[in-house]
Amino acid sequence: MSQPRIPASGGAPSGLQAQNGAAPTSGSPYTNGPVQNTLMSSHVSAGQGYNSQLPASYHLPAKTALNPVSGQSNYGGFQTVSPLSNYQGLGQTLNRPPMASNTMTPSLHGGPFSRMPPPASQNSTATPMPSGSFHPGVNLPPPPSNWQYNSPATGSPINHSPPVSTQPTGSGNTNLTANHQYISSGDPSLQNSYIKSGSAPSLVNPPLPTTFQPGAPLGPPPTGGPPPARAPTPQKPSHSAIPQPSFSSAANQEATPQFPNKNSKMGRSVGYAYPSLPPGYQNTTPASTTGMPPSSLNYPSGPPTFTQTPLGATHLTASMSGLSLHPEGLRVLNLLQERNMLPSTPLQPPVPNLHEDIQKLNCSPELFRCTLTGVPQTQALLNRAKLPLGLLLHPFKDLVQLPVVTSSTIVRCRSCRTYINPFVSFLDQRRWKCNLCYRVNDVPEEFMYNPLTRVYGEPHRRPEVQNATIEFMAPSEYMLRPPQPPVYLFVFDVSHNAIETGYLNLVCQSLLDNLDLLPGNTRTKIGFITFDSTIHFYSLQEGLSQPQMLIVSDIDDVFIPMPENLLVNLNESKELVQDLLKTMPQMFKKTLETQSALGPTLQAAFKLLSPTGGRMSVFQTQLPTLGVGALKLREEPNQRSSAKEIHLTPSTDFYKKLALDCSGQQVAVDLFLLSGQYSDLASLGCISRYSAGSVYYYPSYHHQHNPVQAQKLQKELQRYLTRKIGFEAVMRIRCTKGLSIHTFHGNFFVRSTDLLSLPNVNPDAGYAVQMSVEESLTDTQLVSFQSALLYTSSKGERRIRVHTLCLPVVSTLNEIFLGADVQAIAGLLANMAVDRSVTASLSDARDALVNAVIDSLSAYRSSVLSNQHPGLMVPFSLRLFPLFVLALLKQKSFQTGTNVRLDERIFAMCQVKNQPLIYLMLTTHPSLYRVDNLSDEGALSVSDRTIPQPPILQLSVEKLSRDGAFLMDAGFVMILWVGKNCGQNFLSHVLGVQNYASVPQTMTDLPELNTPESARTIAFISWLREQRPFFPILYIIRDESPMKATFLQYMVEDRTESALSYYEFLLHIQQQVNK
């Protein structure tokens, strides 16, 4: 997260592992094992690792511990953090020096500084934690105690990407419109599993064909024959840090030479220097979830009437400097007088201040968001604003419409390998200028012809230049082996504890119900392993009359019996698979085996999947007790709130090492933890974190004692089994020259400086990156960011999904604050705070979050406001910043107190790192609605359903009344609180009870009554559930219910035993800002 000014004591600065975490307990470097396939190894030079000096960046500020006598604390003290151990791959260790050469003690504030005052009952002292590995991409070398704002150093990573063929080649199956997994024109299969079929809204414009093929008989072929092959470009020595998977041509097969561009400082213009007509192809609608209210933002909503004229500097002047276009954004507020700034409708992201012709082509903010929609010209300007610069991505999101291009020529910049996109400049019909590195490239002959419009000589109308989000069918150059088949391996805990929970019946039944819906084709393979103190394999060889169990009891030296019969073709062995799923729950019904050999089982499963790669789904119900990876109890309930005793770091590096092995062989591990007892998720979670898997957590799961958890598991399992999946994927994020990316957040392994290894990619995963301004952008008016995700579909097609975002460059602090995206800023700070919690302490992370608000508002007050007013003055764009940070402090990841179990805290942190922003914000700052008076006024109409839209209320008990009913939507859980004097109409027509006393103590479903009130309430709650990929449990509670305490916990604006109220928090911020 942070880049140290001085190396931490106790060892050399960490190397490559700093981006991915490291084993804190092992002194020996870890080797990723032998290369199993000569095609998989390629080498990248040391210069390609992290040896270059990277620019310094935004870091969360922190303070020394509160002095219990004076109540004061001072900035500038460093906490000693032990370094991470080195990760070694292929027999070499890549070490990175500290990120900046100067060693200095930062002093962000002169003089004493009061830490956020804890309530009287809270112990205010904090002891720093030793360093450990927790989340990938977090800290380069070990962090100092301060998130800092520093000047940039030099050097930026070179992008390595796959070659582009200049010769037409076959592109595989091109009958794309039949592939409902990826081409969609409103196909309900692309929507969330909880959406009923037919609920997708009708499109305003009927979809055009989303696949076009140069060979399709849509018009005369281009004349002139294939383009001449280019002379080979000079190659740099290539090198790599770990064994490369077979498809690594996308990453390392081509070293991209960096051609010097003498004109890179010239004024940036977007547009074409020759006349054009309205586009003949446009098939972009904003990525949106079915049923979401129409956005008022200026994002594409159908075929635009885009006539591209030259947009030079003069054309952009009005929009770039026209701050008068945003009078609301320039409002200055005193939050102490105007606290109630929460909008009554969902908060919309700010629209970049761009020319409308550019903005309507821009990427949807649901896929790609920047914390600052106006990018500062220099790092010094960014430092003065005291705001973080970063991106939040949702790259594989389910889309209602996605243009798919099948072409033997994928046009990319010869220098930086950027994919051609709507924000490049066409100098004429034969040349285009890259919007990232400014190199002038030739337009290939094939690209001159648009088969959809049957017109030659209009490259600027191709779909690649009309859509900021697009998917390419990759030609053979983008693979070194045939695309892998879909392979699914299920690993079940069958110990006595596991059987007692009853989960196995539900999972096996869910698998039976969804077996035909698993994404795949005729090559799909499936296998099963069960384990307790021994490991059980299942032979499903075609021709057997019933499945055959093979037991391996030697867990110290695991081997695979009959490996050729354990992963079988699903179509050929479907009857045996069904037999096994029907009988498996009964096999272990009377087991007395209580031990759990999870570690050896994972080793066996890895060996089984290594030849092909695939997805491993692991179900675990207790702490592993036998063999490698065995864990011990580390949680003491009475010490949950003590920062010194919170074990946020793994207790062993076994699971991380195994995850890195899995990543190298294209295996991702998804962990389903169903446990009422402490299971050390901090250690177990590493198996998913570094293999690009996901963690699902069901505390206190039991099919009878906790039926709502069973309902949640069943719904989420259905989504998990049937959602689309990408295999053997890599993702790279590129940005305009002058910007650099230095830290990644999410579940993956960073394989080289800027390449993320994703053995599996799913539509529910989000990612974040931190950036800095490395070189001055003074002569540039626009910057662009592009993410490229190369993956294998479940149908065996190699595809590349590309998103491109364009933003203006700004030169004043006022413009930076004007374009601040407060939700994206809060999301990025949350990711950074998780890392700080692990590398330093929870207390340190909480302080840093508070200081992020103080620093930015202090900068605004001192540098932007001309008149110093009393009160807490904030720009309109940051009016919710203190509220969202207070919500983060009260979120399970960062809250203090003893009521949060350690595994629950770790799971909340996992979700911060892996959730798309929209879901992270909902779980951080829930939505409160009054639902006893729902009406059709302002309602949405979604697929013949009327969805009421009640206003969102502030999270304070002031907004509650005993004569109403209120729904708290906290993302993973919904609580419907019924007041004591709630109207009889709601009680009888919605809850189906005679009076308040008849409301059951435990009620988790609304009865379907034949009343308009019941229909409205059920429609609203169902619609909320459909918006997300997980299933929130609904609890209906009375005023005196034991769960009322949980309901009130979500009231972010109210005071609790261990946290300030919103008004008290604002007073504290004001005190610090006005010093």
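Taking every residue in segment 712-726 that is in contact (Cβ under 8 Å) with a residue 24 or more places away in the chain and pairing it with any residue that is of a type in the set (Gly, Ala, Ser) and open to solvent by 20 Å² or more (accessible area, probe 1.4 Å), at least 6 positions away or on another chain, the pairs with Cβ-Cβ distances below 8 Å are Lys715/Ser193; Gln718/Ser193; Arg719/Ser193; Thr722/Ser193; Arg723/Ser193. Taking the listed residues Leu674, Leu717, Leu713, the one that is outside any strand (DSSP E or B), open to solvent by less than 10 Å² (accessible area, probe 1.4 Å), in contact with a Phe, Trp or Tyr (Cβ under 7 Å, 6 or more places away or on another chain) and modelled with pLDDT of 95 or more is Leu713, with no other qualifying. For segment 934-955, the set of residues classified as touching a strand residue (DSSP E or B) at 6+ places or on another chain (Cβ under 9 Å) and outside any strand (DSSP E or B) consists of Asp936, Ala939, Pro948, Gln949, Pro950, Pro951, Ile952, Gln954, Leu955, listed by residue number. Listed by first and then second residue, the pairs with beta-carbon distance under 7 Å, at least 6 apart or on different chains, first residue in segment 972-997 and under 30 Å from Val912 (Cα atoms) and in contact (Cβ under 8 Å) with a residue 40 or more places away in the chain, second of a type in the set (Gly, Ala, Ser) and open to solvent by less than 10 Å² (accessible area, probe 1.4 Å), are Leu976/Ala965; Trp977/Ala965. Just one residue in the set Arg431, Arg417 is without any contact (Cβ under 8 Å) to a residue 60 or more places away in the chain and in contact with an Asp or Glu (Cβ under 9 Å, 6 or more places away or on another chain); that residue is Arg431.
From the list Ile1033, Ile1018, pick out the single residue that is under 21 Å from Gln949 (Cα atoms), touching a Lys or Arg at 6+ places or on another chain (Cβ under 7 Å) and surrounded by fewer than 19 Cβ atoms within 10 Å (Cβ to Cβ).
Ile1033
The rows are residues; the columns are (1) modelled with pLDDT under 95; (2) open to solvent by less than 30 Å² (accessible area, probe 1.4 Å); (3) aliphatic (A, V, I, L, M); (4) within 30 Å of Phe1065 (Cβ to Cβ).
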position: Pro293; (1), (2), (3), (4): yes, no, no, no
position: Arg339; (1), (2), (3), (4): yes, no, no, yes
position: Pro365; (1), (2), (3), (4): no, yes, no, yes
position: Leu387; (1), (2), (3), (4): no, yes, yes, yes
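Checking Leu828, Leu807, Leu849, Leu857 one by one, the residue that is out of contact with any His (no Cβ under 7 Å at 6 or more places or on another chain), of a type in the set (A, V, I, L, M, F, W, C), assigned to a helix (DSSP H, G or I) and over 30 Å from Pro650 (Cβ atoms) is Leu857 and no other.
Against the condition open to solvent by 10 Å² or more (accessible area, probe 1.4 Å) and farther than 26 Å from Phe368 by Cβ, how does Thr453 come out, does it pass? Considered against the rule, which asks whether it is open to solvent by 10 Å² or more (accessible area, probe 1.4 Å) and farther than 26 Å from Phe368 by Cβ, Thr453 comes out as yes. On inspection, Thr378 qualifies as touching a strand residue (DSSP E or B) at 6+ places or on another chain (Cβ under 9 Å), modelled with pLDDT of 95 or more, open to solvent by 10 Å² or more (accessible area, probe 1.4 Å) and of a type in the set (Val, Ile, Thr).
Mind checking which residues of segment 628-658 are open to solvent by 50 Å² or more (accessible area, probe 1.4 Å) and at pLDDT 85 or above? Correct list: Val628, Lys632, Leu633, His647, Lys657.
For Thr625, the requirement of being at pLDDT 95 or above, over 30 Å from Gly726 (Cα atoms) and either of a type outside the set (Asp, Glu) or open to solvent by 40 Å² or more (accessible area, probe 1.4 Å) (or both) is met. Do we have Tyr696 as closer than 30 Å to Asn505 by Cβ, aromatic (Phe, Trp, Tyr) and more than 21 Å from the chain's Cα centre (by Cα) here? The answer is no for Tyr696.
So for segment 943-961 (the condition being touching a helix residue (DSSP H, G or I) at 6+ places or on another chain (Cβ under 8 Å) and of a type in the set (Gly, Ala, Ser)), does at least one residue qualify? Yes, the conditions are met somewhere in segment 943-961.
For Arg430, the conditions (1) surrounded by fewer than 23 Cβ atoms within 10 Å (Cβ to Cβ); (2) within 27 Å of the chain's Cα centre (by Cα); (3) of a type in the set (Lys, Arg) all hold with the exception of (2). Residues that are over 28 Å from the mean Cα position of the chain (by Cα), at pLDDT 95 or above and not hydroxyl-bearing (Ser, Thr, Tyr) number at least 3 in the following helices (runs of 4 or more DSSP H) confined to segment 1000-1075: 1012-1026, 1062-1073.
Pick from segment 590-614 the residues that are open to solvent by 10 Å² or more (accessible area, probe 1.4 Å) and touching a strand residue (DSSP E or B) at 6+ places or on another chain (Cβ under 8 Å): which of them is farthest from Leu658 (Cα to Cα)? Result: Thr612.
I'd like the residue in segment 522-548 that is touching a residue at least 24 places away in the same chain (Cβ under 8 Å) and open to solvent by 40 Å² or more (accessible area, probe 1.4 Å) and, out of all such residues, is farthest from Gln595 (Cα to Cα). Out of the qualifying residues, it is Thr522.
Scanning segment 863-887 for residues that are small (Gly, Ala, Ser) and surrounded by fewer than 21 Cβ atoms within 10 Å (Cβ to Cβ) gives Ser863, Ser866, Gly871.
The values are calculated or read from the model by the stated rules, or taken from the named source; none is laboratory data. Since this is a predicted model, take the numbers as computed values, not measurements. Here Cβ is always computed from backbone atoms with ideal geometry, including for glycine, and neighbour counts include all displayed protein chains. These area figures cover heavy atoms from the full protein model, side chains too; ligands, DNA and RNA do not enter into them. Shrake-Rupley method; radii C 1.70, N 1.55, O 1.52, S 1.80 Å.
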